[in-house]
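Okay, so here's the structure we're looking at.
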Amino acid sequence: MAASLRLGRQGILFGLKLSNVSKCLCAPHPWQEHVRHLFRSPWILGVSPVQVQMPALSPTMEEGNIVKWLKKEGEAVAAGDALCEIETDKAVVTLESNDDGVMAKILMEEGSRNVPLGTLIALMVEEGQDWKQVEMPPPDAAAPPAPEAAAAPVVPAAAPSPVTPPKRATSGPLRLSPAARHILDTHGLEPKLATATGPRGLITKEDVLNLLKISPAAKAAPAPAAPSPAPTPAAAPPPPGSRPNIPPLSVPGKPGAPGTFTEIPASNVRRIIAQRLTQSKTTIPHSYASVDCDMAAVMSLRKDLARDQIKVSVNDFIIKAAAVTLKEMPEVNVTWSGEGPRALDSVHISIAVATDKGLITPIIRDAANKGVQEISANIKALAQKARDGKLLPEEYQGGSFSISNLGMFGVSGFSAVINPPQACILAVGTSRSELRLCEDSQSLRTQQLMTVTLSSDGRMVDDELASRFLNKFRSNLEKPQRMALA
C-alpha cells in the first residue's frame, strides 16, 4: 500500500514537470513574431492594386488606341482626374479616374494600338500605400476575358480518308460533254468509270479530270494514236523594266518593288467607317430623290444680316430648314430599332464634318427651336472640336437626321449613304446660276439654284413621303421668313 502511494506521488510530480517543459517550448519568441510580420508585409505579398481596364467609350467601340498618358507612375490621382487619352472609333476621348489613389504601373505604353475592351492598361494603389510595391498581375491577366465560344476544345482534324475510285454506273444512258468525250478517247478510259456531277447526269470535263487523278487505268491504258499537236512556242520573257502581270506581294512597312503595293494600316475611325458604310449599303434599301431649290431669298437675307455684323452661312439656313421640316413632318423624324420604326420627340441634326481621320457627325441638339445664328455658333464650335479630336460621346451620338454638304468643293450633286439607325440623309450640292423661264411673265431670268438629294430608308420613308418632305423643305428654304414662324 505504501509502495502504491509512493508511485502515484512520483507520477504526479513527473506530469507537472513535463507540463512546465511543454509551456517553455511552446511559448512564442520575439524572432518568430518578426518573421511572421515579414511574410505578411507588402515586401513579400505586394500591395493589392486597383485595376484600370480599357473601357467602352462609345456604343460601337471594340478596341482603342492609347494616344497619351496624362499621369505618370508615382503621381497622385484624384477622382475625376484625366488618366490618358484614348482614340476610339469616333474620336479621341479622355479617360477619367473613378477613384483616389496613386498611379503605380502603366501596362500599355503610349502608341499602343488595337487594345481590346477589358484589357488591363494600368494599375493604381490606394492613398498611403507604397506604389512601388504594387502586386503585379500574371502575364495572362492583362488580356481581356475570352468568350465562351473560344474556350471550346479544339477537335483535331481527322486524317484524310483514302480516295476510292467511283463505282461503275449500273444502268442508264451516258451523257458526255464534248470536252469530257475528247479526254476519255485520248486516254482510252471507259465513260462508265466517271461519276457524273453535271445536270441530268451529264459527265463534265471536271468529272473526267478527277477520274484521271484516281484511276490507275489512265496510266496503264495506251493512248490511241493521234496526231500530235504542233508545239506552241514558249512565251517570250517580258522586256526588262516592264510591269509584271501579277506583282509579287510586298511586306507591310517596307517599300515594295516596282509594280507592288504597300499596305496602309487603317485607324480605328477608318475601320469603323468602312464597317458602317458596308452595313448601311447591304442592309438598308436606299431610295433617292432630288430637287432644285432657289437660293435667291437666302442670299439676299445673308447680305442683310452681314450689314448688321451677323455672319451666317448657307449651310446654317439648310440645317434650320431641315429641322423645321422635320418638326412639321414627324413621320420622317424616325430611326430603325431592329423591329420597326421608332418615333423621336426631338429633332437632332447630325452634320458630316471631314477630319484627317475620317468623317464624323457632330449633332446640333434641338435644332428646330434654335435660331440660325445660334446654329451657326454651335456648328463652328463642334466642327473645331471634331477636327481636334475632342468631341465628347454625347456630342456625336443620338442624331435623328444627317446632312452632308459638298457644295464648298464645287460638287453640283451627289447621293449620300444613310447613317444607321437614322432614316434619311440630305446631300447638298453647290449653288449655280441658270436661266429659267418665269411662268408668270413668260420671260427668262437668272436663278441661283442648288440641288439637294434625299437618301431615305425605304422601310420607314417611302418615295411618296420623301417627295413631300423635299417639297416642304424647298418651301421653307426659299422663304426664310416661314422658318421663323414655324
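Under 5 Å between amide hydrogens, built in the peptide plane, is the criterion, and for CYS84 it picks out LEU70, LEU95 among residues at least 5 positions away or on other chains. Based on the Cβ-Cβ distance of LYS479 and GLU127, what FRET efficiency does E = 1/(1 + (r/R0)^6) give at R0 = 60 Å, to the nearest 0.05? Between LYS479 and GLU127 the formula returns 0.40. With Cα atoms defining each centre, the stretch 96-111 and the stretch 340-359 are spaced 33 Å apart in the structure. For the stretch 391-486, pairs of C-alpha atoms spaced more than 16 angstrom apart make up 68 percent of the total.
Sort 115-123, 452-460 for me by packing, meaning the mean count of neighbouring Cβ atoms within 10 Å per residue, highest on top. The partial results should precede the final answer.
On the way: 115-123: 19.1, 452-460: 21.3.
Taking the mean over residues of other Cβ atoms within 10 Å, the ranking is 452-460, 115-123.
If you plug the beta carbon distance of HIS182 and GLU62 into 1/(1 + (r/R0)^6) with R0 = 45 Å, you get a FRET efficiency near 0.25.
Go ahead and run the numbers for FRET between SER467 and PHE261, Cβ-Cβ distance against an R0 of 60 Å, rounding to 0.05.
Values: r = 45 Å, r/R0 = 0.75.
Approximately 0.85, to the nearest 0.05.
Each Lys and Arg adds +1 at its Cβ and each Asp and Glu adds -1 at its Cβ; summed about the Cα centre, the stretch 405-486 shows a dipole of about 240 debye. Note on SER443 and TYR288: the extension gain reaches 52.6 nm, defined as 0.36 nm multiplied by sequence separation minus the Cα-Cα distance. For the listed residue pairs LYS303/LYS370; LYS327/LYS370; LYS90/LYS311; LYS303/LYS479, the alpha carbons are over 24 angstrom apart in LYS90/LYS311.
Couplings 3J(HN,Hα) for the stretch 67-80, derived from phi with the Karplus relation 6.51 cos²θ - 1.76 cosθ + 1.60 (θ = phi - 60°), are 7, 7, 8, 9, 10, 9, 5, x, 8, 5, 10, 10, 4, x Hz, where x marks Gly and Pro.
Coordinate-derived values only; no laboratory data. From a predicted model like this one, the values you see are computed outputs, not experimental measurements. Neighbour counts are summed over all protein chains in view; Cβ atoms, including those assigned to glycine, are modelled from backbone coordinates with ideal geometry.
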